[in-house]
Amino acid sequence: MSQHAERSKLGTILTIVFIVALLMGPGPGVMLVRGTTFLGFPAIYAWGLLWYAVEVAVVVIAFCCVWTDDDAEGADTDSVSA
Amino acid sequence: MHSFSFLRHPLLAAEDTLGESVSDLGSTPYYVMVGYLVLLLVLGLFGWLKSKSGEEDYYLAGRSQGWMVSSLTIMATFFSSFALLGAPGLVYREGVVFALFSLNVPVAGLSVYLLGARIWKLGRKFGYVTPGDMVADYYGSKSSLRLLVAVAAVLYAIPYVVMQIQAGGLLSQDLFGEEYFDRGAIILAGITTLYIMIGGMRSVAWTDLIQGLLLIAGMLVSGFAMFLVFDGPGNFAEAITTELPESSLTVPGTTGLWTWPMLFTVCLLGSVGSMVQPAQWMRFYSAKDTKTLKRGALVFAAVLTTCFILGVMLIGLAGQVLYPLEYSAQETVAQKDGETLVDAGPQKLDQPVPEEFQEHFKFVPADPAKPGSTGQVTWKWSGKSKEFDAESTVTRLSALSDNAAYKAAVGKLPESITEGKRRPGVAPNPNVSEFDAILVTVLKKQLPARLGSFGALFASLIFVAIMAASMSTADSNLHAMSAVLTRDIYDQFIDKNASENRRVWVGRIVIMLATALALAAVIYGRNPEITAKYDFMKMIAKMGLMAIAFSAQLLPIAIDILFLRKGTGKGAAVGLAIGLLATFLMGPLFGILADATQISVLQDLVKTFGGLKFANMHGSVWGLVLNVPVFVLVSLVTAKPDPEKVRQYEEVLSR
């Protein structure tokens with residue numbers, strides 16, 4: 001599998017994970033939270049921390065492994081006036 | 001079970017014993033703030049010295065901003081007084097549920113790269129300055145689309161500037177006294193205007209750099225400060241979980257507003273809507289390269305989310321422990337059909353209200369002089385109440401009169417409070433001037449008490465961070481609005497042959513006029529009659545969310561140009577027009593217009609449109625529900641953009 005295809009596959013996986021995190025964190029998934037506390041923390045806050053970690057991890061992985069196409073895009077790009 | 005006893009937190013008891021010295025920060029805030037404002041003016045001057053003549057330099061700093069400046073100016077534009085005053089204010093009012101709002105930040109971070117890099121490529125290739133430049137050029141629209149994009153920009157920018165100026169007033173009021181509100185607002189507006197006018201984008205970006213660093217530090221430090229106040233994270237968590245009422249720890253929060261559809265739509269559309277607003281769009285143009293935006297996205301998602309969820313959100317929760325909310329449930333003493341006014345309720349109670357209830361229970365009889373007037377019973381209680389027996393108290397209050405309507409109204413009170421059928425009214429603690437003031441109140445009163453003069457300095461620096469957050473967003477929006485109105489309105493419709501120098505000066509005048517308008521709105525908006533009816537005029541976060549609903553209407557166009565390229569100019573224009581109109585009609589601004597004009601047709605329409613909201617969701621949804629299908633349908637039957645332009649775009653974006 002080429003590097004581009006691998007990146008594309010990883011990008012798809014990350015997109016799905018991010019959407020799931022969004023649906024679970026502030027989306028309908030929040031209705032799964034039962035009770036007011038979890039390990040001494042407010043349960044909703046602990047829930048938010050969990051999906052915060054997932055969302056940030058997705059962005060970090062995307063930064064390191066997926067967003068590589070544009071590294072060469074710099075100030076030397078041709079430009080024309082509008 | 002609820003208690004009517006107004007418990008005072010032990011930390012507040014300590015505050016009382018220390019007396020005035022606790023809330024007195026001395027002259028430290030003056031020195032720190034004056035130093036900060038002078039620094040801003042110096043940076044503005046420096047930006048002017050480094051600037052070159054011409055619009056591209058004034059509006060985009062010559063498209064040369066590196067990743068550090070770009071990241072921080074994008075962050076500082078995104079984070080405003082909403083982050084440092086509004087968000088803790090809403091957590092203070094609604095409870096822990098609003099902390100989930102932090103999860104919108106990684107979505108915005110992703111947008112910095114996914115939308116920003118594409119906008120940068122097109123801006124670089126075709127020399128665009130405003131969003132309207134790109135939209136009009138791609139769709140081949142001469143005027144209508146530019147005009148509509150400018151309208152969306154103004155509808156977003158004005159409320160956003162209003163709330164930043166409001167924050168300056170609020171900060172001054174809580175630090176120096178109520179009479180300082182106007183002065184604080186004027187100083188913030190004046191200095192911001194001055195340095196934008198002097199140095200344009202360069203000054204804005206450099207001041208944003210300092211302001212961005214300050215607000216990151218301020219957000220994190222203010223959360224950390226709460227651990228100091230409560231003697232460690234363990235005690236802090238324990239205080240929250242044991243002392244807050246259940247409504248503050250669960251969905252949908254104290255007032256019942258934050259159901260999951262509202263949270264979800266705010267996190268998704270609010271964040272992306274903020275990223276396509278003109279000031280951010282222009283920041284994408286002004287970046288040096290796409291690597292800059294890639295790094296910016298990472299910093300944005302990782303650092304800023306942390307600042308929110310582990311920083312400033314904790315202040316709101318601490319506030320609820322330290323300064324419990326005041327709740328009230330109100331029931332109408334109803335008049336049934338065919339009953340006389342006397343039947344509808346007593347003019348006075350048969351027995352006096354028992355002493356232990358006097359602070360909490362109030363009966364207001366109907367006014368015989370006013371036809372249709374009804375009586376009311378109100379029940380107030382404190383946020384940390386846990387020991388009140390609703391049933392026995394209602395029994396005792398019912399016994400105060402034999403009137404059936406009165407008894408029925410009192411009998412409904414526990415239903416409102418305990419069964420959640422109707423959410424109680426909520427007000428800040430009497431020691432907190434308004435919800436948005438919770439951060440200032442907590443820090444001003446707690447830090448000097450815990451850390452002495454170091455605490456005063458600490459608190460003063462966080463207050464400067466609030467100023468920084470407000471000014472950095474106000475400057476970006478004013479600057480972007482001046483670009484939009486100059487290039488998309490003045491240049492297109494008023495004077496097509498104006499020189500670049502003249503256009504820059506027109507932009508400066510726009511900045512002055514927009515600031516004056518925003519300042520007038522802030523001062524007019526302090527009218528108690530206005531704030532009582534429209535709490536978005538008083539609550540920073542609500543005004544911010546209202547503004548974002550307008551900029552989010554640019555999303556279908558942005559997605560079409562950057563990813564799909566299937567739409568047409570007419571489709572984009574009609575969709576955007578209808579989206580903006582629907583957002584206006586379904587939002588609070590239409591209500592204000594109807595009230596101000598007293599036109600009965602408008603007032604009826606406000607009720608009609610309010611009734612069309614089939615779910616509790618962010619205001620942008622109502623516009624997008626019409627915007628997107630209209631855009632698609634009109635695009636199916638109208639002429640496509642110039643194929644050569646589409647090909648050029650595809651070529652640039654495929655690189």
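The values are calculated or read from the model by the stated rules, or taken from the named source; none is laboratory data. In this text, all values refer to a predicted model and were calculated from it rather than measured experimentally. Cβ atoms come from the backbone with ideal geometry, glycine included; neighbour counts cover every protein chain shown.
Determine which member of the set B:Ala541, B:Ala582, B:Ala594 is surrounded by 18 or more Cβ atoms within 10 Å (Cβ to Cβ), in contact with a helix residue (DSSP H, G or I) (Cβ under 8 Å, 6 or more places away or on another chain) and modelled with pLDDT of 90 or more.
Values: B:Ala541 fails: modelled with pLDDT of 90 or more; B:Ala594 fails: modelled with pLDDT of 90 or more.
Selected residue: B:Ala582, the only one of B:Ala541, B:Ala582, B:Ala594 that is surrounded by 18 or more Cβ atoms within 10 Å (Cβ to Cβ), in contact with a helix residue (DSSP H, G or I) (Cβ under 8 Å, 6 or more places away or on another chain) and modelled with pLDDT of 90 or more.
Select from the range B:486-505 the residues that are surrounded by fewer than 19 Cβ atoms within 10 Å (Cβ to Cβ) and hydrophobic (A, V, I, L, M, F, W, C) and list them in ascending order.
B:Phe493, B:Ile494, B:Ala498, B:Trp505
If B:Ile309 satisfies all but one of (1) free of Cβ contacts under 8 Å to residues at least 12 places away in the same chain; (2) facing chain A (nearest Cβ under 9 Å), what's the number of the condition it fails?
The number of the failed condition is (1).
Considering only the range B:561-655, give the helices (runs of 4 or more DSSP H) lying wholly within it that have at least 1 residues that are of a type in the set (Ser, Thr, Tyr) and more than 22 Å from B:Met262 (Cα to Cα).
On the way: elements: B:569-586, B:588-597, B:600-611, B:620-637, B:643-654.
Where helices (runs of 4 or more DSSP H) fall fully within the range B:561-655 and carry at least 1 residues being of a type in the set (Ser, Thr, Tyr) and more than 22 Å from B:Met262 (Cα to Cα), they are B:588-597, B:600-611, B:620-637, B:643-654.
Out of all the residues in the range B:410-422, which are in a helix (DSSP H, G or I) and either modelled with pLDDT under 80 or surrounded by fewer than 23 Cβ atoms within 10 Å (Cβ to Cβ) (or both)? Don't jump to the end; show me each part of the working.
Pass one, the range B:410-422, residues in a helix (DSSP H, G or I): B:410-418.
Passing the criteria: B:Gly411, B:Lys412, B:Leu413, B:Pro414, B:Glu415, B:Ser416, B:Ile417, B:Thr418.
Checking B:Ile198 against (1) touching a Gly at 6+ places or on another chain (Cβ under 7 Å); (2) within 14 Å of another protein chain (Cβ to nearest Cβ), which test does it fail?
Result: B:Ile198 fails condition (2) only.
Based on this model, can you work out whether B:Ala217 counts as surrounded by fewer than 23 Cβ atoms within 10 Å (Cβ to Cβ), small (Gly, Ala, Ser) and away from every other protein chain (no Cβ under 14 Å)? Let's see the steps before the verdict.
Details: surrounded by fewer than 23 Cβ atoms within 10 Å (Cβ to Cβ): yes; small (Gly, Ala, Ser): yes; away from every other protein chain (no Cβ under 14 Å): yes.
Judged against the criteria, B:Ala217 is a match.
Does A:Ala53 satisfy the condition of being closer than 17 Å to B:Met313 by Cβ, at the interface with another protein chain (Cβ under 9 Å from one of its Cβ atoms) and at pLDDT 85 or above?
Numbers: closer than 17 Å to B:Met313 by Cβ: yes; at the interface with another protein chain (Cβ under 9 Å from one of its Cβ atoms): no; at pLDDT 85 or above: yes.
Against the criterion (closer than 17 Å to B:Met313 by Cβ, at the interface with another protein chain (Cβ under 9 Å from one of its Cβ atoms) and at pLDDT 85 or above), A:Ala53 does not qualify.
Would you check which residues across the range B:114-152 are under 25 Å from B:Leu304 (Cα atoms) and either surrounded by fewer than 24 Cβ atoms within 10 Å (Cβ to Cβ) or away from every other protein chain (no Cβ under 12 Å) (or both) and list them?
Keep residues of the range B:114-152 that are under 25 Å from B:Leu304 (Cα atoms), which gives B:114-120.
B:Leu114, B:Leu115, B:Arg118, B:Ile119, listed by residue number.
If you check A:Ala62, A:Ala46, which single one turns out to be within 10 Å of chain B (Cβ to nearest Cβ) and touching a Phe, Trp or Tyr at 6+ places or on another chain (Cβ under 6 Å)? I'd like the intermediate steps shown before the answer.
Working: A:Ala62 fails: touching a Phe, Trp or Tyr at 6+ places or on another chain (Cβ under 6 Å).
From the options A:Ala62, A:Ala46, the qualifying one is A:Ala46.
Being away from every other protein chain (no Cβ under 14 Å), surrounded by 12 or more Cβ atoms within 10 Å (Cβ to Cβ) and either farther than 19 Å from B:Leu145 by Cβ or not aromatic (Phe, Trp, Tyr) (or both) is the requirement here; does B:Val632 meet it? Walk me through how you get there before you give the answer.
Numbers: away from every other protein chain (no Cβ under 14 Å): yes; surrounded by 12 or more Cβ atoms within 10 Å (Cβ to Cβ): yes; either farther than 19 Å from B:Leu145 by Cβ or not aromatic (Phe, Trp, Tyr) (or both): yes.
Judged against the criteria, B:Val632 is a match.
Can you tell me which residue is nearest to the other protein chains (Cβ to nearest Cβ) among those in the range B:221-251 that are without any contact (Cβ under 8 Å) to a residue 12 or more places away in the chain and assigned to a loop (DSSP other than H, G, I, E, B)?
Looking at residues that are without any contact (Cβ under 8 Å) to a residue 12 or more places away in the chain and assigned to a loop (DSSP other than H, G, I, E, B), I get B:Gly232.
Can you tell me which residues in the range A:1-42 are more than 7 Å from chain B (Cβ to nearest Cβ) and either in contact with a strand residue (DSSP E or B) (Cβ under 8 Å, 6 or more places away or on another chain) or among the acidic types (Asp, Glu) (or both)?
Listed by number, the list holds a single entry, A:Glu6.
So which residues in the range B:11-42 are of a type in the set (A, V, I, L, M, F, W, C), modelled with pLDDT under 65 and exposed (fewer than 13 other Cβ atoms within 10 Å of the Cβ)?
B:Ala13
Quick check on this structure: which one of B:Val364, B:Val312 is β-branched (Val, Ile, Thr), at pLDDT 80 or above and surrounded by 16 or more Cβ atoms within 10 Å (Cβ to Cβ)? Quick ask: steps written out before the conclusion?
Working: B:Val364 fails: surrounded by 16 or more Cβ atoms within 10 Å (Cβ to Cβ).
It is B:Val312.
Is it true that B:Thr292 is crowded, with 21+ Cβ neighbours inside 10 Å and among the hydroxyl-bearing types (Ser, Thr, Tyr)?
So B:Thr292 fits the description; yes.
Only one of B:Pro352, B:Pro371 is at pLDDT 80 or above and not hydrophobic (A, V, I, L, M, F, W, C). Can you tell me which? Break it down stepwise before answering.
Details: B:Pro371 fails: at pLDDT 80 or above.
Selected residue: B:Pro352, the only one of B:Pro352, B:Pro371 that is at pLDDT 80 or above and not hydrophobic (A, V, I, L, M, F, W, C).
From the set of residues in the range B:423-478 that are at pLDDT 85 or above and of a type in the set (Val, Ile, Thr), which is nearest to the chain's Cα centre (by Cα)?
Residue satisfying both the conditions and the ranking: B:Ile438.
Look at B:Ile494 and say whether it is without any contact (Cβ under 8 Å) to a residue 60 or more places away in the chain and hydrophobic (A, V, I, L, M, F, W, C). If you could, list the steps in order and put the result at the bottom.
Numbers: without any contact (Cβ under 8 Å) to a residue 60 or more places away in the chain: yes; hydrophobic (A, V, I, L, M, F, W, C): yes.
When the stated conditions are applied, B:Ile494 passes them.
Please determine, by comparing only the residues of the range B:254-276 that are in a loop (DSSP other than H, G, I, E, B) and either within 14 Å of chain A (Cβ to nearest Cβ) or at pLDDT below 90 (or both), which one is surrounded by the fewest Cβ atoms within 10 Å (Cβ to Cβ).
B:Thr255
Could you pull out the residue among B:Ala205, B:Ala287 that is away from chain A (no Cβ under 14 Å) and in contact (Cβ under 8 Å) with a residue 24 or more places away in the chain? Give the derivation first.
Details: B:Ala287 fails: away from chain A (no Cβ under 14 Å).
Every option except B:Ala205 fails the conditions.
Go over the candidates B:Ala217, B:Ala167, B:Ala185 one by one and state the one that is hydrophobic (A, V, I, L, M, F, W, C) and either over 29 Å from B:Val276 (Cβ atoms) or more than 19 Å from the chain's Cα centre (by Cα) (or both).
On the way: B:Ala167 fails: either over 29 Å from B:Val276 (Cβ atoms) or more than 19 Å from the chain's Cα centre (by Cα) (or both); B:Ala185 fails: either over 29 Å from B:Val276 (Cβ atoms) or more than 19 Å from the chain's Cα centre (by Cα) (or both).
On inspection, the qualifying residue turns out to be B:Ala217.
Any residue at all in the range B:240-261 that's on the phi > 0 side of the Ramachandran plot and acidic (Asp, Glu)? Quick ask: steps written out before the conclusion?
At the first step, the residues of the range B:240-261 found to be on the phi > 0 side of the Ramachandran plot are B:253, B:256.
Then keep just the ones that are acidic (Asp, Glu); that gives none.
No, the range B:240-261 contains no residue that is on the phi > 0 side of the Ramachandran plot and acidic (Asp, Glu).
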